[in-house]
Amino acid sequence: MTLEDGSIWKNITTHEKSKVAETLAEFRGNYLYNFLDDNLRRFNAQVPWLVQWDDHETRNNWFPGQRLNDDDRYTVKSCDLLAARAKRAFLEYMPIRWDASDPERIYRSFQYGPALEIFIPDKRSYRGRNSANRQPVSSEETAFLGSAQVRWLKSKLLASTATWKVIASDMPVGIIVADGKTAFENAANGDGPALGRELEIADLLRFIKQNNIRNVVCVTSDLHYAVATYYDPNKAVFQEFKPFWEFAAGPLNGGNFGPNPLDSTFGPEVRFQSAQPGMKTNQPPSQGNQFFGTVKIDGGSQVMTVGLHNLEGKTFYSVDLVPEV
């Protein structure tokens, strides 16, 4: 890649990374490739991980049942087969505790003492196909988490005794992520009432309000820019929910893009974003558009401080969240 100053940015390429991953060996090779990096190996040795998978563990924007008949890069056309191989490699190389009753289940929760419980849903494995996403009634076609996982998440949130309940998912609530010109990758589908996959989100948010589940915060990814978003029912089309925050801090090491458009259904208000309209996309890491986030909970006051930082550690945005009691 030739940069604007004429210098060359070149990645190391292994055999497995020289093409799209299709075989189990190639999916395994994607994880082995990351281990070539000294910084990542040092990070792995020092920092515990709670991992989630998204579309790129298999293929961009894939969904169950998808066929790749229009993509000549793939000799394997079944996304279900690709995803099965991808999941096996993911479970082999990522630090994830298996559930004895369902060894391939990725969604789970972790509690860290009285202050924090983290819920990690899987928005990839149980969704319906990507579509125009405007169905007025819930069905298997509008699934995002899927009914079984929604029941699990509701019961875990209701039973949680932690001060802060953090839902860590791979896609944001009210920021639009399209799939081509006519379909949507995310639940957000444009301004208006809850439709399509948004019906599942609305049901979950309504449940949280009706049961007075306090101090729910979302952290998310998929976006290649850092953003802090406040969801305000007073500014939303669907208003049956408690206000909440959502934070994304990507990409840690990837090309940048954005900002993505907002969807008014759940009243998102951007308080900070690193990307600006018209910004050059897919800049190399040397341009400094990689970010990470931190979350700190004070042991006394239980105030949660969320910060968004660049790779040099400079804080671009910080907010103190006072718990509801």
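The values are calculated or read from the model by the stated rules, or taken from the named source; none is laboratory data. Keep in mind the model is a prediction, meaning the values are calculated, not measured. All Cβ positions, even for glycine, are placed from backbone atoms using ideal geometry, and neighbour counts span all protein chains on display. Accessible surface areas use protein heavy atoms only, side chains included; no ligands, DNA or RNA. Shrake-Rupley method; radii C 1.70, N 1.55, O 1.52, S 1.80 Å.
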Tensor-based shape of the stretch 85-158 (alpha-carbon gyration tensor, a/c under 1.5 rounded, otherwise prolate or oblate): oblate
Solvent-accessible ranking of TYR225, TYR126, largest area first, probe 1.4 Å: TYR126, TYR225
Cut-off of 10 Å, at most 14 other beta carbons, DSSP loop: longest stretch of the chain lacking such GluC sites (Glu not before Pro): 105-311
Filtered trypsin sites (Lys or Arg not before Pro), the stretch 230-316: DSSP coil and at most 15 other beta carbons within 10 Å: LYS280, LYS314
The chain, relative contact order [Cα under 8 Å, separation at least 6], %: 12 percent
Cα-based shape type of the chain, given that a ≥ b ≥ c are square roots of the gyration tensor eigenvalues and the cut on a/c is 1.5: rounded
Measure of compaction for the stretch 144-189 (Cα Rg per 2.2 N^0.38 Å): 1.47
Carbon/sulfur fraction of accessible area - the chain, other protein chains in place, 1.4 Å, %: 52 percent
Cα-based equivalent ellipsoid, the stretch 114-215: semi-axes from gyration tensor eigenvalues, Å: 25, 13, 12
Average accessible area per residue (Å²) across the stretch 198-325 - probe 1.4 Å, nucleic acids and ligands excluded: 46 Å²
Computed FRET value (nearest 0.05) for ASP5 with ALA148, which takes r as the C-beta separation and R₀ as 51 Å: 0.45
Added length on full extension, which subtracts the Cα-Cα distance from 0.36 nm per residue, PHE316 to ARG105: 72.4 nm
Förster radius 25 Å - calculated FRET efficiency between ARG73 and ASP38, Cβ distance, rounded to 0.05: 0.20
Gyration tensor verdict on the stretch 173-260 (Cα atoms; rounded if a/c is under 1.5, prolate if a/b is larger than b/c, oblate otherwise): oblate
Restraint check, LYS87/LYS154; LYS181/LYS235; LYS17/LYS156; LYS77/LYS123; LYS242/LYS314, Cα-Cα greater than 29 Å: LYS17/LYS156; LYS242/LYS314
Potential lengthening between TYR31 and HIS15 on full extension [0.36 nm per residue; Cα-Cα distance subtracted]: 4.5 nm
Probe 1.4 Å - accessible area at HIS309, Å² to nearest ten: 20 Å²
